[in-house]
Amino acid sequence: MTDTIADRLDRLGHRLPEASGPAANYVPVTRIGSLAFISGQVSAGVTGRLGAELSVEQGQAAAATAALSLLAQIDRLVEGNPARVKRVARLGIFVAATADFTQHPLVGNGASDLIVAVLGDAGRHARTTVGVASLPRGATVEVDAIVELVEP
């Protein structure tokens with residue numbers, strides 16, 4: 001039996017959520033050849049800003065929550081088979097934070113660490129992590145990605 005993304009998450013103590021649909025006029029994923037551009041996935045149910053209501057550790061947990069939604073989109077693309085992920089090329093991580101908060105990279109590690117834990121070397125990625133004043137639905141973190149796929 002093939003090891004799936006859901007299996008790997010289960011071993012890490014996480015549950016793979018359902019891949020969500022768009023919240024506005026866009027699509028969750030666009031493919032161009034072997035590249036998949038995955039729209040931003042928010043930390044559903046986790047709200048607040050870093051530097052005000054939330055600690056770095058809470059921000060990391062929010063980033064992991066957003067990464068779970070990102071993995072759900074990847075899972076849908078590869079039909080559960082992590083071997084079809086050639087490489088996560090890039091993550092974009094947006095952190096709702098106060099103007100004086102400066103630990104965005106530490107918060108972003110919550111997403112990066114989970115992606116690498118699930119996908120191994122194929123999950124190692126370039127990354128940008130930035131602070132923003134607000135995110136959709138009051139979310140704490142939003143994560144988007146560019147993923148290179150192996151064709152079946």
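Just the residues that are part of a loop (DSSP other than H, G, I, E, B) and acidic (Asp, Glu), please, taken from segment 126-152.
Across segment 126-152, the qualifying residue is only 151.
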Would you mind finding the one in 127, 76, 84, 90 that is in contact with a Gly (Cβ under 8 Å, 6 or more places away or on another chain) and among the basic types (Lys, Arg)? 127
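Residue by residue, here is whether (1) within 16 Å of residue 40 (Cα to Cα); (2) of a type in the set (A, V, I, L, M) holds:
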position: 85; (1), (2): no, yes
position: 88; (1), (2): yes, yes
position: 98; (1), (2): no, no
position: 101; (1), (2): no, no
position: 105; (1), (2): no, no
position: 108; (1), (2): yes, no
position: 112; (1), (2): yes, no
position: 116; (1), (2): no, yes
position: 121; (1), (2): no, no
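Got a number for residues in segment 4-22 being under 17 Å from residue 76 (Cβ atoms), of a type outside the set (S, T, N, Q) and either part of a loop (DSSP other than H, G, I, E, B) or within 14 Å of the chain's Cα centre (by Cα) (or both)?
Qualifying residue count for the region: 10.
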Name the pairs: first residue in segment 107-132 and at positive phi, second residue surrounded by 19 or more Cβ atoms within 10 Å (Cβ to Cβ) and in a strand (DSSP E or B), Cβ to Cβ under 9 Å, at least 6 apart or on different chains? none
Taking segment 44-85 as the region of interest, how many residues are under 30 Å from residue 99 (Cα atoms) and either polar (S, T, N, Q) or assigned to a loop (DSSP other than H, G, I, E, B) (or both)? 14
Residue that is surrounded by the most Cβ atoms within 10 Å (Cβ to Cβ) [pool: residues in segment 69-87 that are closer than 15 Å to residue 39 by Cβ and aliphatic (A, V, I, L, M)]: 71
Taking segment 28-54 as the region of interest, how many residues are surrounded by 15 or more Cβ atoms within 10 Å (Cβ to Cβ) and farther than 14 Å from residue 72 by Cα? 7
Residues of segment 114-125 satisfying the condition of being assigned to a helix (DSSP H, G or I) and of a type outside the set (A, V, I, L, M): 120, 121, 123
For the list (1) within 25 Å of residue 31 (Cα to Cα); (2) crowded, with 19+ Cβ neighbours inside 10 Å, I need the number of the one condition that residue 60 fails. (1)
When you scan segment 95-113, how many residues do you find that are part of a helix (DSSP H, G or I) and in contact with a Leu (Cβ under 7 Å, 6 or more places away or on another chain)? 3
Would you check which residues across segment 115-152 are among the hydrophobic types (A, V, I, L, M, F, W, C), buried (at least 18 other Cβ atoms within 10 Å of the Cβ) and either more than 18 Å from residue 36 (Cβ to Cβ) or touching a Lys or Arg at 6+ places or on another chain (Cβ under 9 Å) (or both) and list them? 115, 118, 119, 122, 135, 139, 141, 145, 147
When only residues in segment 35-64 that are under 14 Å from residue 93 (Cα atoms) and polar (S, T, N, Q) count, which is nearest to the chain's Cα centre (by Cα)? 41
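Every number here is computed from the coordinates shown, using simple stated rules; none is lab data. This one's a predicted model, so the numbers in the text were calculated from it and none came from an experiment. Every residue, glycine as well, gets a Cβ built from its backbone with ideal geometry; the counts of neighbours run over all protein chains shown.
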